[in-house]
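The values are calculated or read from the model by the stated rules, or taken from the named source; none is laboratory data. This structure is a prediction, so every number in the text was calculated from the model and none was measured. Every residue, glycine as well, gets a Cβ built from its backbone with ideal geometry; the counts of neighbours run over all protein chains shown. We work out accessible area using only protein heavy atoms, side chains counted, and drop any ligands, DNA or RNA first. Shrake-Rupley method; radii C 1.70, N 1.55, O 1.52, S 1.80 Å.
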Amino acid sequence: VQSSNSGQYVVALAGVGALYGSSDSGVTWQPLYINTRTETTRVAISGDGGFMVLTAKSNNQFYASGFSTNWTKVPVTGTFVTVYSLSQTGQYQLGTSGSTVQYSTNYGSTWTAVLTATFFTEVRMSTDAQYGLALSSTSIYYTSTLASNPTSWTAATLPAIDTPFALFMSSSGQYATVPGLSGIAYSTNYGVTWSIASSPAYSGTIRLSGSPSGAVQTVVVRDTTTVLRSVDYGATWTAMAIAPCNGTCILGPSSTSGQGMTMLVSAGAFFVSSSINSTWTVTPLPTEPSEDGGLARSSSGQYVAYSSNTLGVCVSNNAGASFACPNISTSPFICMSSSGQYQLVNGDGDYFPDGVYRSTDYGATWASYDSACVGCYTGIAMSATGQYQVILNARQFSSPSGTPTGAKLSTDYGASWSAVPSVSGVEVYISASGQRMVAMDTQYSDGSGNTVSQGVNVTVSADYGVTWTGTATFPSCRSAQMAISQDAQYLLVAGRDCVMVSTNYGVTWTSAAIAPLDNWHFPAVSPTGRFMAVTPWLGQIYVSSDYGATWGARTGVLGEWTGAILTY
């Protein structure tokens with residue numbers, strides 16, 4: 001995370017291929033760069049906020065003039081440089097390339113090696129391009145003549161702080177801080193001499209940030225709840241009293257005065273919004289959700305169930321305010337009736353026994369169905385009342401053709417089941433009445449890592465699952481999921497580089513107007529079909545309020561998503 005000198009402009013790497021920016025000191029955010037196929041590693045912003053450089057793996061680099069989404073790819077003609085620090089306007093840039101420090105005076109068009117030593121981990125420069133610091137794995141170097149004599153650097157001596165790994169420098173260059181595994185070093189004279197700071201004991205690597213003046217600095221010890229703050233240019237540090245973040249806290253920049261602090265928290269959390277445009281409230285989860293997703297919610301929102309990797313299905317009876325985990329399987333396939341009384345989940349055999357589990361008392365107790373059938377079941381769905389339930393049989397990996405074995409239907413709330421061999425697919429959806437069902441066949445493996453099928457096939461039933469008809473094939477849509485309206489008239493498919501919409505029960509389909517296409521997952525459709533939403537693996541939710549005709553990004557709602565539900 002980086003900011004301009006004033007703190008007005010802030011940029012944050014949210015993960016692989018996602019850069020977000022704020023032009024109002026972090027109050028609101030918008031995507032500046034989204035491409036999950038490009039693994040971004042570093043972002044730098046000029047002192048005035050008018051120039052940005054984005055570095056990615058595989059020797060990819062982009063720059064943007066102005067605080068905008070208009071990026072230009074930098075042609076790599078020689079040594080590839082990871083840019084760490086920019087001057088006030090961005091004309092002067094400082095970066096690294098392995099064992100060399102690289103310097104540019106023309107907005108990164110050409111570079112000159114100005115220092116060679118052991119592998120460099122961080123470099124910083126003052127916004128007037130006069131002072132510079134370079135941190136290697138064993139030493140730190142400083143210069144006070146970067147603009148006039150960029151190759152003149154001097155090695156300084158750091159106190160014993162055990163493996164220095166991060167570097168902060170104030171905008172003037174006078175104040176600097178280097179944390180290590182066992183202590184924090186600071187300098188008040190442009191990096192010429194260093195002292196050991198007074199700080200509480202901690203254990204682990206640190207995220208480091210500070211105000212442009214350097215007066216106020218903050219560190220977060222990763223994977224802990226330890227947050228330290230200094231208000232005297234890094235000389236002394238005190239622990240801050242904050243609530244546990246239940247995961248990795250990622251620190252953002254302080255405001256110009258140092259009074260404000262930004263912290264991004266990545267961990268299990270349940271987000272609830274009372275309307276499509278309002279703010280979100282957050283409940284920490286007892287365990288992180290499964291990366292494959294799995295989320296169900298009653299029509300009132302009172303009952304919620306989600307899938308975790310370690311504790312199985314976790315359920316809530318108070319609108320997500322708290323969750324209990326009864327240890328009964330883990331799966332991305334979870335469904336419940338409109339009232340929440342009837343719930344259905346299948347097991348995947350990784351953490352809990354295979355088979356289908358059902359509850360008839362709002363998730364309080366569970367009973368298994370056919371738990372001896374290993375790898376038999378995938379998609380599950382039930383009608384609004386819970387009377388009609390359907391389970392798709394998975395492809396049997398022992399079969400050379402990988403042919404699915406049909407479906408199981410229940411018309412008595414899951415008490416008894418009958419076989420329907422004519423339908424194929426791995427996911428299934430059902431209308432509120434139970435009359436219409438939709439099965440989707442998507443890309444899958446034969447169990448040995450070999451892809452058997454590409455694309456998506458859609459099959460529908462209009463007679464409570466008795467007969468089925470194929471209606472659509474999307475050969476370029478991979479790893480897709482589906483959501484449907486209450487009457488199954490409006491259907492939404494989201495997958496890798498595809499978002500498809502049907503407004504006539506799956507008979508015809510159109511591509512949603514969302515750009516750029518991404519690795520979309522976890523589609524959601526409101527009961528009426530008017531509201532739709534899709535999420536990427538990482539980034540912003542996109543929402544439609546006109547039955548999928550037009551789409552817009554929901555700013556200010558960022559995350560690595562594992563599920564989405566619309567309740568109206």
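Can you go through Asp441, Asp446 and tell me which one is at pLDDT below 80, out of contact with any Lys or Arg (no Cβ under 7 Å at 6 or more places or on another chain), charged (D, E, K, R) and more than 27 Å from Val499 (Cβ to Cβ)? Walk me through it before giving the result.
Values: Asp441 fails: more than 27 Å from Val499 (Cβ to Cβ).
Result of the check over Asp441, Asp446: Asp446.
If only residues of the range 1-17 that are open to solvent by 30 Å² or more (accessible area, probe 1.4 Å) and more than 22 Å from Asp128 (Cβ to Cβ) are counted, the one that is modelled with the highest pLDDT is Leu13.
Are any of the residues in the range 154-162 open to solvent by less than 10 Å² (accessible area, probe 1.4 Å), in contact with a Pro (Cβ under 8 Å, 6 or more places away or on another chain) and not in a strand (DSSP E or B)?
yes
Within the range 73-85, one or more residues are in a strand (DSSP E or B), open to solvent by 50 Å² or more (accessible area, probe 1.4 Å) and closer than 24 Å to Val10 by Cα. Kindly indicate whether any position in the range 86-93 is hydroxyl-bearing (Ser, Thr, Tyr) and at positive phi. No, the range 86-93 contains no residue that is hydroxyl-bearing (Ser, Thr, Tyr) and at positive phi. Entry remark, the range 180-220: residues being open to solvent by less than 30 Å² (accessible area, probe 1.4 Å) and modelled with pLDDT of 90 or more number 6 in total. The number of residues in the range 521-533 that are over 12 Å from Ser485 (Cβ atoms) and modelled with pLDDT of 80 or more comes to 1. Of all the residues in the range 461-481, those that are open to solvent by less than 10 Å² (accessible area, probe 1.4 Å) and aliphatic (A, V, I, L, M) number 1. When the test is whether a residue is modelled with pLDDT of 70 or more, closer than 23 Å to Leu409 by Cα, small (Gly, Ala, Ser) and open to solvent by less than 60 Å² (accessible area, probe 1.4 Å), Ser339 passes it. Hey, any hits in the range 360-370 for a residue that's open to solvent by 40 Å² or more (accessible area, probe 1.4 Å), on the phi > 0 side of the Ramachandran plot and at pLDDT below 85? Within the range 360-370, one or more residues are open to solvent by 40 Å² or more (accessible area, probe 1.4 Å), on the phi > 0 side of the Ramachandran plot and at pLDDT below 85.
Against the definition (open to solvent by 20 Å² or more (accessible area, probe 1.4 Å) and at pLDDT 75 or above), how does Tyr547 come out, yes or no?
yes
Does any residue of the range 117-134 turn out to be among the aromatic types (Phe, Trp, Tyr), under 30 Å from the mean Cα position of the chain (by Cα) and farther than 20 Å from Leu32 by Cα? Yes, some residue in the range 117-134 is among the aromatic types (Phe, Trp, Tyr), under 30 Å from the mean Cα position of the chain (by Cα) and farther than 20 Å from Leu32 by Cα.
Annotation: of all residues in the range 410-432 being within 14 Å of Ala384 (Cβ to Cβ) and open to solvent by less than 60 Å² (accessible area, probe 1.4 Å), the one that is nearest to the chain's Cα centre (by Cα) is Tyr429.
Of the residues screened, Phe168 is not one that is aromatic (Phe, Trp, Tyr), within 21 Å of Gln93 (Cβ to Cβ) and without any contact (Cβ under 8 Å) to a residue 40 or more places away in the chain. Scanning the range 108-151 for residues that are of a type in the set (Gly, Ala, Ser), open to solvent by 10 Å² or more (accessible area, probe 1.4 Å) and assigned to a strand (DSSP E or B) turns up just one, Ala113.
Taken over the range 493-513, the residue count meeting the criterion of being open to solvent by 10 Å² or more (accessible area, probe 1.4 Å), farther than 16 Å from Ser476 by Cα and free of Cβ contacts under 8 Å to residues at least 60 places away in the same chain is 5. For the range 391-407, the condition holds for no residue, the condition being that it is modelled with pLDDT of 85 or more and part of a loop (DSSP other than H, G, I, E, B).
For the condition without any contact (Cβ under 8 Å) to a residue 60 or more places away in the chain, under 25 Å from Tyr233 (Cα atoms), assigned to a strand (DSSP E or B) and in contact with a strand residue (DSSP E or B) (Cβ under 6 Å, 6 or more places away or on another chain), what is the one hit in Thr96, Thr177?
Thr177
Quick one: in the range 19-55, of everything that is over 21 Å from Leu208 (Cα atoms) and in a strand (DSSP E or B), which residue is modelled with the lowest pLDDT? So the residue we want is Ile34.
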